[in-house]
Amino acid sequence: MDVARRGQAGAVSSGRVPPHNLEAEESLLGAMMLSRDAITAAIEARLDADDFYKPAHGAIYNAAFELHSRGEPVDPVTVAEELRRSSQLDQLGGRQTLLRIQASTPASANAAHYAQIVADMKKKGRRPVDYFRMFFGDTAINGSKAGTICGIDFFGCEHVLFGTDCPFDPEGGPMFIRDTLAAIDALDLSEADRRKIYLDNALRLMRLPPD
C-alpha cells in the first residue's frame with residue numbers, strides 16, 4: 001500500500017473523514033501542469049503525495065514532481081506518460097482526467113495559495129503518527145533487508161535517505177555499504193523510487209537543485 005493510500009485508509013478505518021479540499025488539490029495540480037512556478041510553490045510548501053486526500057491526486061503530484069526533478073517538462077502529456085510507466089494512468093481515468101484538471105484551473109498564479117490550503121487541510125487532520133512520518137529516515141541499519149523494508153513502508157520512498165553505519169563494521173566500512181546497497185537493490189522498487197532514496201530526497205531535504 002502506498003503512502004497516500006495508507007494515510008487515507010487509516011482515517012477511513014477509524015470512522016473519521018479528515019479535513020480536505022478537493023478543489024484546491026485539483027487547482028494546484030492543474031497549475032503545476034501549466035507553470036514551473038507552481039511546482040516551485042508546491043515544493044516550498046513542503047507538500048508530499050500523502051498530503052493529498054485523494055490518492056489519485058497524490059499519484060499525479062508524484063508524477064509531476066518526478067518529471068520536474070529530472071528537469072523535464074510537466075504537462076498533461078508528460079504526466080500521463082509518467083503515470084503510464086508506473087501502470088497508474090488507466091486507474092486515474094486516463095489522460096482526459098489530466099486535461100480536465102488542467103483546463104479547470106482558476107489561475108496558475110495562485111498556486112502558492114492552493115498549496116497552502118492543501119497543507120493546512122492535511123495539518124488539521126493529522127494523527128500523532130503522521131507527524132513521525134514527516135521525518136526522514138535512513139537505511140543505516142547494518143544492511144538489514146527486513147529493517148529496510150520496514151523503514152520504507154513506514155516513511156515511504158519520499159522520506160528515506162541512503163545511509164550506512166560505515167565505518168562501524170568488521171571491514172571498517174565497505175561491508176555495510178555493500179550490504180545496504182544489496183538490501184535496497186533486492187527490493188521491488190521502481191527506478192524512480194531508487195533514485196529518490198539514493199539522491200533526490202537528499203537534494204530536496206537540503207533544498208538543492210535537481211541533479
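Rundown of residues vs (1) free of Cβ contacts under 8 Å to residues at least 40 places away in the same chain; (2) closer than 18 Å to Glu23 by Cβ; (3) polar (S, T, N, Q); (4) in contact with a strand residue (DSSP E or B) (Cβ under 6 Å, 6 or more places away or on another chain), yes/no style:
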| position | (1), (2), (3), (4) |
| --- | --- |
| Thr40 | yes, no, yes, no |
| Ala45 | no, yes, no, no |
| Gly58 | no, yes, no, no |
| Ala63 | yes, no, no, no |
| Glu81 | yes, no, no, no |
| Arg84 | yes, no, no, no |
| Gln88 | yes, no, yes, no |
| Ala111 | no, yes, no, no |
Check your understanding: Quick one: would you say Leu205 is surrounded by 14 or more Cβ atoms within 10 Å (Cβ to Cβ) and either among the aliphatic types (A, V, I, L, M) or at pLDDT below 90 (or both)?
Key -> no
Review point. Among the helices (runs of 4 or more DSSP H) contained in region 1-83, which hold 1 or more residues that are modelled with pLDDT of 95 or more?
Key: 22-32, 36-44, 55-69
Check your understanding: Is it the case that region 127-138 has a residue that's farther than 21 Å from Ala45 by Cα, out of contact with any Asp or Glu (no Cβ under 8 Å at 6 or more places or on another chain) and in a loop (DSSP other than H, G, I, E, B)?
Key -> no
Revision key, fill the gap. Reported set for region 139-174 where residues are surrounded by 19 or more Cβ atoms within 10 Å (Cβ to Cβ) and either aromatic (Phe, Trp, Tyr) or outside the structural domain of Ala186 (by TED's automatic domain parsing) (or both) is Phe155
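The values are calculated or read from the model by the stated rules, or taken from the named source; none is laboratory data. For clarity, every value in this text was computed on a predicted model and none was experimentally measured. Heads up, the Cβs are rebuilt from the backbone with ideal geometry, glycines too, and the neighbour counts pull from every protein chain shown.
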